[in-house]
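The values are calculated or read from the model by the stated rules, or taken from the named source; none is laboratory data. Fair warning: this is a prediction, and the values are worked out from it, not measured in the lab. Because the Cβ atoms are built from the backbone with ideal geometry, glycine has one as well, and the counts that use them run over all protein chains shown.
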Amino acid sequence: MMKFLFCRMGEPTTPSWNFQNLAWETDNPKHKTMWNWFCGPTGSDTENETVGTSELLQDLQAECELTRVNAAYRLGQVGESAETTLTDELILEAERLRDQNLEQSYTNPSQLYTGYALSAIGAKAVPKLLTIIDHKNWWIRSAAADILGDIGSSAQQAIPQLINMLQDNNEWGGETQRKH
C-alpha cells in the first residue's frame with residue numbers, strides 16, 4: 001500500500017479501498033499515522049496517546065534511529081497538547097543538526113524528527129508553526145515551511161507566508177517551498 005503514496009496527485013479524502021473499520025489497531029505509531037493519512041480527514045485521530053511527552057522528547061535524541069522515529073510519531077499522536085514543546089524542540093534540534101545535515105549529500109537541513117511529530121499532528125500544529133516561519137535563522141524558517149508542506153491542504157492558512165518564503169535569499173529557504 002505504501003508504494004502508492006508517491007503516485008498520488010492529491011491527498012485522500014476517504015479510503016480508496018473497501019474498508020470495514022477506520023479504527024485499525026497497531027502498536028507502530030508511524031504505521032498509524034500513514035493509515036490515518038490514507039483514510040483522509042475521517043481517519044485523523046490525535047490526542048489519544050497517554051505516554052508522557054518528556055520521555056518521548058528524550059527519545060528524540062536517542063542513539064537508535066528507530067527509537068527516534070517511534071518517539072516522533074508517538075508525539076504526533078499526543079496531538080495539540082505537545083505543540084508548544086515540539087516547536088521549542090524543533091528550534092533546538094534544527095540548531096543541533098544543521099551542520100551535520102548540511103555535510104551529508106542530498107540531506108535536507110530540515111530533516112528533523114520533531115518535524116515528523118508536527119506533521120503527524122497536522123492542522124492543529126499550523127498556528128504554532130506560523131509563529132516560527134519568520135524566524136531569523138533560515139534553517140528554522142526552512143524547517144517550518146517543510147513541515148507545513150508535509151501537512152498539505154490542512155495548512156492552507158500558511159499559503160501567504162509560504163509564498164513570501166519563495167523570495168528567501170537562502171537556497172534552502174526558497175528551495176523548500178518550490179519543492180512542495
query: For segment 61-92, how many residues meet the condition of being among the charged types (D, E, K, R), at pLDDT 90 or above and in a helix (DSSP H, G or I)?
result: 4
- prompt: So, in segment 68-88, of the ones that are within 12 Å of Ile132 (Cβ to Cβ) and more than 13 Å from the chain's Cα centre (by Cα), which residue ends up surrounded by the fewest Cβ atoms within 10 Å (Cβ to Cβ)?
  reply: Thr84
message: I need a count of the residues in segment 102-123 that are of a type in the set (S, T, N, Q) and surrounded by 17 or more Cβ atoms within 10 Å (Cβ to Cβ).
response: 4
- request: Could you tell me whether Leu97 is crowded, with 17+ Cβ neighbours inside 10 Å, touching a residue at least 12 places away in the same chain (Cβ under 8 Å) and over 24 Å from Lys136 (Cα atoms)?
  value: no
field: Selection within segment 93-104 - of a type in the set (A, V, I, L, M) and not in a helix (DSSP H, G or I)
entry: none
- prompt: So, of the residues in segment 7-53 that are closer than 22 Å to Arg68 by Cα and more than 19 Å from the chain's Cα centre (by Cα), which turns out to be modelled with the lowest pLDDT?
  reply: Thr50
